[in-house]
Each structure stands twice: as structure tokens, then as C-alpha cells.
Amino acid sequence: MKSKPVAFFSRNYFILDHSDSMNMVSIILLTYNRSKLLQECIHSILNQTYTNFELLIIDDGSDDDTRERVLEIKDTRISYFYQPRCGYTGRLKNYALSKAKGSFIAYMDSDDLWKEDKLQKQMDLFIKNPEIGFSITDVTTFKGEEILSYHAYPFQNTVRCESIFSRITANRFLIYGSVLVMKRSCFDKVGHYDETMRSGDFNFHMRLAYHYDCGILYEPLVLRRVHDTNMSKEIPFENYEEYLATYQYLYNNGMVKKKPLRQAKGIAHLKLGKLHEGRGNRKKALTHYLNSFTANLFYPRYVYSLVKIYLKVKPQKPL
């Protein structure tokens with residue numbers, strides 16, 4: 001992969017004792033039919049400078065040679081679990097948590113890669129800042145040999161420990177799947193993944209960010225791979241439906257006020273309307289555009305979409 005050198009920020013980190021069982025990290029890696037990418041992903045984990053971890057690979061019913069490719073790698077830190085296909089990642093993550101032994105939990109997507117010091121820097125951050133509940137890093141996004149973006153966040157080469165909940169609710173911050181490391185004790189307050197949602201990541205991240213401060217390493221320590229097989233056509237619909245359900249949950253539990261809920265409804269219904277319009281389903285698009293309009297009356301973007309689709313679906317009078 002072609003990439004220009006990245007200058008990493010130099011700072012003094014507290015170094016953890018890798019042999020300390022209290023600092024073991026359980027890395028949860030879910031996979032489904034990605035055998036061609038999986039070994040590269042696994043080796044990026046095994047090559048970490050922080051070595052006190054176990055790798056739990058949860059196979060969601062793969063029918064390719066995933067099992068064989070995993071078993072080719074001889075490392076006692078790897079545990080492989082095959083599960084019948086379910087497609088609900090929250091359910092699979094909860095299953096993995098029941099098998100995890102570590103006091104810290106990390107997540108990895110099976111098509112992504114970690115830079116070798118990713119885990120070390122995050123674990124050092126927990127020692128220096130014991131008040132934080134979880135840590136994330138920046139990402140570099142690539143497709144094949146092409147770098148699509150060198151970083152996702154506006155800040156670079158710095159570290160911040162703070163609440164990110166307000167920024168997420170304002171749609172100004174995103175947590176990627178392979179960047180998260182968290183204290184296992186956080187589950188006591190946050191709860192586990194919602195198994196009724198196909199993904200549940202956004203819902204869980206919102207609850208986590210509501211209860212705990214985050215240690216943010218503004219360094220691209222994760223290589224996020226984009227490829228033709230990691231986006232289903234149905235995923236955008238499911239994501240926006242989960243987005244809506246999450247904000248309704250937050251509002252019902254007093255975690256956000258009505259304004260963020262209205263804004264979330266406006267955004268989600270607008271996006272769903274555009275998705276349905278793109279598929280030629282104008283009546284469903286009209287319903288979503290109407291919902292986005294009623295959630296945020298007279299917002300120009302919503303008014304325009306509603307009027308445009310209304311004129312397209314309005315029955316024509318016979319001549």
C-alpha cells in the first residue's frame with residue numbers, strides 16, 4: 001500500500017507491565033466470509049508491541065475457508081469460535097464478551113489493520129488518565145493501493161481526554177469500529193449491546209460516551225479498508241433506522257433533550273427519503289421527506305426535498 005510517512009507526536013507514556021493480568025486486553029474480531037483479508041488483519045494484531053492480549057475470533061457462519069485460514073496461524077493467544085449465521089453483530093459481541101478474560105476490551109473489524117503501536121499507546125493512555133472509560137484513535141482510509149483520506153479528525157498529533165457525547169449528538173464526531181478500547185467495568189453502567197439491532201454500534205457508543213470520558217489519540221493508528229464487499233445495499237437503511245431508534249431511546253431515558261431528537265429525526269428521514277428516491281420508490285420517499293419536514297418545520301433542505309418529491313408523485317389531472 002502506497003502511503004507517505006506519518007510523523008507521530010512524541011510524548012511520554014506510562015508503560016504498562018505486559019505480564020499484569022489486570023491489564024489483559026480481550027480483542028474481539030467478528031468475521032464473515034473474509035478469508036482473503038483475514039490473515040493480514042490477524043497478523044497486524046499479533047505484531048502489536050503490547051503483547052498482553054487474547055484474540056477472540058467470532059465467525060458468523062462463514063462458508064468459505066475462514067476456519068482453515070485462522071487455524072493456519074499458530075499462536076496460543078488466538079481462540080476461534082464458530083457460530084451459526086445470524087448477521088447481528090451486537091449479539092455476536094455479547095457472545096464474545098461471555099468468553100473474554102481481559103479487564104480491557106478492544107474491537108477489530110476483520111478487513112482493517114492496526115499499526116504496531118496502536119494498542120500500546122492506548123493502554124498507556126489509560127494509566128496516565130485513569131478517569132477515562134474508553135479510548136479511540138484516528139484512522140487512515142484506503143482502498144486497494146489508494147489512500148482515500150489520511151485522517152478522519154480535524155486535530156492531529158495531539159491527545160485529549162474529555163467527553164465526546166455532545167459532539168456525537170451534534171453529528172460532529174464518529175467512532176470507527178476498529179479504534180475502540182474500553183475498560184470492561186464500563187459494561188456495568190452502560191449495559192451490553194442491543195441485540196434487537198443488526199449492528200448496535202452507534203447505540204452502544206452513544207451510551208458509552210454519555211457515561212464516560214474518552215481518551216482520544218489524534219493519530220491514524222488504524223488503517224480502515226474500503227472494498228466492494230464491505231457495504232451491503234441494505235446497510236444504509238438499517239443504519240438510519242438504528243440511528244432513529246437510538247435517539248428515541250436517549251430521549252426516553254432523559255439523556256438528550258427534544259431538540260437533538262428532532263434534529264436526528266430530520267436527518268434520518270431525509271437520508272431515508274433520498275435512499276428510497278434513489279431506488280425509485282417515490283411514495284416511501286415522500287413519507288420520509290414529510291417526516292423530516294414535520295420534525296424540523298421550514299428547514300430549507302427538508303422543504304425542498306418534500307416539494308420536489310411531491311411534484312413527482314402528485315397524480316396528473318387527465319386532459
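The values are calculated or read from the model by the stated rules, or taken from the named source; none is laboratory data. This one's a predicted model, so the numbers in the text were calculated from it and none came from an experiment. So basically every Cβ, Gly included, is an ideal-geometry build from the backbone, and we count neighbours across all protein chains shown.
The table below gives the values:
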item	result
Meets criteria (buried (at least 21 other Cβ atoms within 10 Å of the Cβ), modelled with pLDDT of 85 or more and either within 22 Å of Ser166 (Cα to Cα) or out of contact with any Gly (no Cβ under 8 Å at 6 or more places or on another chain) (or both)) for Ala245	no
Checklist (1) buried (at least 18 other Cβ atoms within 10 Å of the Cβ); (2) at pLDDT 95 or above applied to Asn23, failing item	(2)
Residue within the range 307-315 that is surrounded by 16 or more Cβ atoms within 10 Å (Cβ to Cβ), among the aliphatic types (A, V, I, L, M), in a helix (DSSP H, G or I) and at pLDDT 85 or above present	no
Some residue of the range 93-100 being buried (at least 16 other Cβ atoms within 10 Å of the Cβ), among the basic types (Lys, Arg) and touching a residue at least 60 places away in the same chain (Cβ under 8 Å)	yes
Residue in the range 216-231 that is assigned by TED's automatic domain parsing to the domain that holds Arg34, assigned to a helix (DSSP H, G or I) and under 30 Å from Glu54 (Cα atoms) present	no
Selection from the range 182-194 of residues that are in contact with a helix residue (DSSP H, G or I) (Cβ under 7 Å, 6 or more places away or on another chain) and either of a type in the set (Asp, Glu) or at pLDDT below 95 (or both)	Asp194
Flag for Met197 being at pLDDT 95 or above and closer than 20 Å to Asn94 by Cα	no
Any hit, the range 278-296, residues being in contact with a Phe, Trp or Tyr (Cβ under 9 Å, 6 or more places away or on another chain) and at pLDDT below 55	no
Per-region count, the range 150-192, residues small (Gly, Ala, Ser), surrounded by 12 or more Cβ atoms within 10 Å (Cβ to Cβ) and more than 30 Å from Met22 (Cβ to Cβ)	2
Where a residue in the range 21-38 is on the phi > 0 side of the Ramachandran plot and its partner, wherever it lies, is acidic (Asp, Glu) and not in a strand (DSSP E or B), with Cβ under 9 Å and at least six apart	Asn33/Asp63; Asn33/Asp64
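Conditions tested, residue by residue: (1) in the same structural domain as Gly133 (by TED's automatic domain parsing); (2) over 18 Å from the mean Cα position of the chain (by Cα).
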residue	(1), (2)
Cys161	yes, yes
Tyr176	yes, no
His192	yes, no
Cys214	yes, no
Glu242	no, no
Lys257	no, yes
His269	no, yes
His276	no, yes
